[in-house]
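What follows is a short report on a single structure.
Read the figures in this text as sums done on the coordinates, not as results from a lab. Bear in mind the structure is a predicted one, so any value in this text is a computation, not a measurement. Note that we place each Cβ from the backbone using ideal geometry, even for glycine, and neighbour counts take in every protein chain shown.
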Amino acid sequence: PPENVVFILATTEQHKIPVTILSRCLKFDFNRLTEEDLYNRIKYVLECENVKYEDEACRYIATLADGAARDALSILDRCISETEDVLKYEDVQNIVGAIDKKIIDQVVENILNYDSLNAISAIDEVIKKGKDLRQFTFELTSEFLNRLVKSNENIQRYVSIIDRLSSLDNDLKSTTRKEIVLKSCMVQLCNIQETVKQEGNNSIDQAYLKKIENLEKEIKNLKEY
């Protein structure tokens, strides 16, 4: 090609590029931005646009963007267009369809207490308010991640729950029956537990076995429904 021509290869799968090509390339790695980077950029834009804001609102948008500057600015642009005087945390929540933190905390406690019935009742409340169930899953996962970082107990259970919630997002993306899939997952999450040792042996406590049996019946009923 002419000397003034430059080829740019953009990929997220660098390992698939043949070595003969890769060895002739000047490589630039683009990584996700940290929440702090995004938070500072959001504040900079707001100050340039002379928009008043709450600090908590900026941090929340930075969290939602998940390392992507484009997403952060898109969310910010939408929020500014629908804000009258001050960009507030509650306004951002309403605009992006975020779930009430109290409901997230309630479902987390229900899961940790093996209480599938109340967890499903809370989900019904989310559905009644017309909230996005994938957004609900995202916020639920984030809360469990926060607790995992701060906790020294039940670590294996937290990891198992987070792993199941991660696969749930893909399930919700590919189904038209989101409500059923989510409720079935809630029952499964309430069934994830660490082995409880009885005095004198390593068998699982009979009370927990009974709970597992009841939860399996609930899963069967949901699938039939």
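Counting Lys +1, Arg +1, Asp -1, Glu -1, what net charge surrounds D132 among other residues with beta carbon under 11 Å of its beta carbon?
Working: positive: K129, K131, R134, K178; negative: E139.
Neighbour charge sum, excluding D132 itself: +3.
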Centre separation in Å (Cα based) which lies between the range 60-99 and the range 1-37: 31 Å
Calculated FRET value between S74 and F28, using beta carbons and R₀ = 22 Å, to 0.05: 0.40
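Magnitude of the Cβ-charge dipole of the range 29-185, K/R +1 and D/E -1, about the Cα centre, nearest 20 debye?
580 debye
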Computed lengthening from E49 to V6, 0.36 nm per intervening residue step minus Cα-Cα distance: 11.9 nm
Label-point separation, K128 to E56 (7 Å along Cα→Cβ), nm: 2.5 nm
Correct choice for Cα extents along the principal axes in Å that was computed from the model, options (i) 51, 46, 36; (ii) 73, 44, 33; (iii) 76, 56, 38: (iii)
Kirkwood-type radius of the range 88-146, with distances r between different C-alpha atoms, in Å: 11.7 Å
Rounded to 10°, Cα long-axis angle of helix 69-81 versus longest principal axis of the chain: 90 degrees
The range 1-118 - percent relative contact order, Cα under 8 Å, separation 6 or more: 21 percent
Shape parameters for the range 42-104, alpha-carbon atoms, Rg then Dmax in Å: 11.1, 36
Separation of the T176 and K101 label points, Cα + 7 Å toward Cβ, nm: 3.9 nm
